[in-house]
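For reference, the structure discussed in these notes is given below.
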Amino acid sequence: MIATFLIGMKNLFREWCPLDSLSNGAVLRAVLLSGVYLTLLALFSFALGIILRQSIASISVFVSLLLIVPLLGFFFRKVGRTLFRSLSPSIWAAR
């Protein structure tokens, strides 16, 4: 990821284009954690493949969990928020 970032910064170098460097803490964190994110996705899909042992089932479950569930959460935000509040332990303690 760091090599990709550096190559991208070299290719984007223009007078009119602002550049970031890895000395900026937020940029370094974003570059490193993007590699961690992709690694965790690969491990998750590998684990699904081992558990389900069928290619099409693994791909279907992975895509649905990665893309469809967050999309449903976006569209049904109010329902999810209400459900989360009703199941929250802090609500139970207040009762």
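Below, the figures for the structure above:
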quantity	calculated
Candidates 41, 22, 33, 48, filtered to the one that is in contact (Cβ under 8 Å) with a residue 12 or more places away in the chain and under 16 Å from the mean Cα position of the chain (by Cα)	41
Criterion (touching a helix residue (DSSP H, G or I) at 6+ places or on another chain (Cβ under 7 Å) and either hydroxyl-bearing (Ser, Thr, Tyr) or modelled with pLDDT under 90 (or both)) met by exactly one of 80, 49	80
Selection count where residues are more than 18 Å from the chain's Cα centre (by Cα) and among the β-branched types (Val, Ile, Thr), scope segment 51-67	2
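Residue-by-condition table, conditions (1) assigned by TED's automatic domain parsing to the domain that holds residue 7; (2) in a helix (DSSP H, G or I); (3) touching a Phe, Trp or Tyr at 6+ places or on another chain (Cβ under 8 Å); (4) more than 20 Å from residue 2 (Cβ to Cβ):
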site: 23; (1), (2), (3), (4): yes, no, no, no
site: 29; (1), (2), (3), (4): yes, yes, no, no
site: 32; (1), (2), (3), (4): yes, yes, no, no
site: 37; (1), (2), (3), (4): yes, yes, no, no
site: 40; (1), (2), (3), (4): yes, yes, no, no
site: 46; (1), (2), (3), (4): yes, yes, no, yes
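The values are calculated or read from the model by the stated rules, or taken from the named source; none is laboratory data. Every value quoted in this text rests on a predicted model; they were computed, and no experiment measured them. No Cβ is skipped: glycine too gets one built from the backbone with ideal geometry, and neighbour counts run over all protein chains shown.
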